[in-house]
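Here is the structure we will look at.
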Amino acid sequence: MTAEPAKAALRRARRAARPPREVCPFCMVDHHVLGRKHDFQFMVRTCQYHHALTHDGMLDAGINLEPIEDPVRRQVEILKIEAFYYRQQANHFRDWADAKDRQAEALLKYLEENRK
């Protein structure tokens, strides 16, 4: 569910209008996992394409990436970001497991067909 559908549609339209970003091991950029304005030290390296997708996903989830003075509200936003991050990781591992399952089924089918 998108927190702000109009803003999400505008981001998608702007991204579609730009030339596609290349995904390669050399286009790594810093991604502030908890938001640069929440915790500027916690970073991972990611390609520009996946950085943009992750950032848009956080905005679509209604996560506030702006600075928050109140330490309690800041911790709430950090928890939302961590939940988003781990949900993305879980989805990735589920997709990976499904792909491996399909590969195993295809290999078993191939072996069965060539055994005869």
Taking the range 79-116 and keeping residues over 30 Å from residue 62 (Cα atoms) and among the basic types (Lys, Arg) leaves 100, 102, 109, 115, 116
Considering each residue of the range 69-78, count those that are surrounded by 12 or more Cβ atoms within 10 Å (Cβ to Cβ) and over 16 Å from residue 3 (Cβ atoms), and give that number. 3
Restricting to the range 54-113, count the residues that are in a helix (DSSP H, G or I) and under 12 Å from the mean Cα position of the chain (by Cα). 19
Looking only at the range 29-65, count every residue that is at pLDDT 85 or above and exposed (fewer than 14 other Cβ atoms within 10 Å of the Cβ) and tell me the total. 1
Hey, any hits in the range 82-92 for a residue that's of a type in the set (Lys, Arg), over 29 Å from residue 5 (Cβ atoms) and surrounded by 10 or more Cβ atoms within 10 Å (Cβ to Cβ)? no
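The values are calculated or read from the model by the stated rules, or taken from the named source; none is laboratory data. On a predicted model such as this, the values are computed, not experimentally measured, just so you know. Counting neighbours? That spans all protein chains shown, and the Cβs are built from the backbone with ideal geometry, glycine included.
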